Amino acid sequence: INPTLQLSGIYFIQELRRPVPKEEHKNLRALEEEVIVNLRKSEFLIAMQKKGDEPDKVNIPYLKDKEGKILQPVFSDVLEFEKFAKGKRLRIAKVPFDKLPNVLIEQAEALVVNPMGFNLILDREQLGRILGVKIPAAVPMPAAQPEKTEEAKAEEAQTAPAAEEAAQPAEDAAKSEE
């Protein structure tokens, strides 16, 4: 659904991660501006999971980085979503970029665009600057529970309650994108 974002995102991340001195990064600012323009024009897929037997409540999957920060994944297209959703019973909702703050879980410190792809991380401040709005700081996760076994962790999908119900379920989006 966002081919220009995919392409500009890949070019930007490749240049950003190129192992050269900072001064040698070519056109990094221009590539960044192109990604921002494409982000603003894009719609994203948000993963959701029904909350038990409560049909009106959903959980939003999240990821943790190496420092333990909560990141909320968003996807530029169905293929990127499917890479993430393998083996999980997830639904999707299509959300325009300017509505992403409405579905950002309160514990998330950042969004991660295509975590299994070019993996572009936008923290709350960056997201707010791009949109020209103030996005409140993340709320810390509740106190840690006793450590679970590796098996229990593997079986349990990491999810958090949905922020606002601004996202409309788009289960048919996958079909229309094919």
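The values are calculated or read from the model by the stated rules, or taken from the named source; none is laboratory data. Keep in mind that what you see is a predicted model, and the values were worked out from it rather than measured. Cβ sites come from the backbone with ideal geometry, for glycine too, and all protein chains shown count toward neighbours. We work out accessible area using only protein heavy atoms, side chains counted, and drop any ligands, DNA or RNA first. Shrake-Rupley method; radii C 1.70, N 1.55, O 1.52, S 1.80 Å.
Kindly provide the set of residues from region 97-144 that are of a type in the set (Lys, Arg) and open to solvent by less than 50 Å² (accessible area, probe 1.4 Å), ordered by number.
Arg124
Each residue in region 48-67 was checked for being touching a residue at least 60 places away in the same chain (Cβ under 8 Å) and open to solvent by 90 Å² or more (accessible area, probe 1.4 Å), and 2 pass. Residues in region 68-81 that are touching a strand residue (DSSP E or B) at 6+ places or on another chain (Cβ under 9 Å) and open to solvent by 50 Å² or more (accessible area, probe 1.4 Å): Lys69 alone.
For region 11-28, a residue qualifies if it is open to solvent by less than 70 Å² (accessible area, probe 1.4 Å) and aliphatic (A, V, I, L, M), and the qualifying residues are Ile13, Val20, Leu28.
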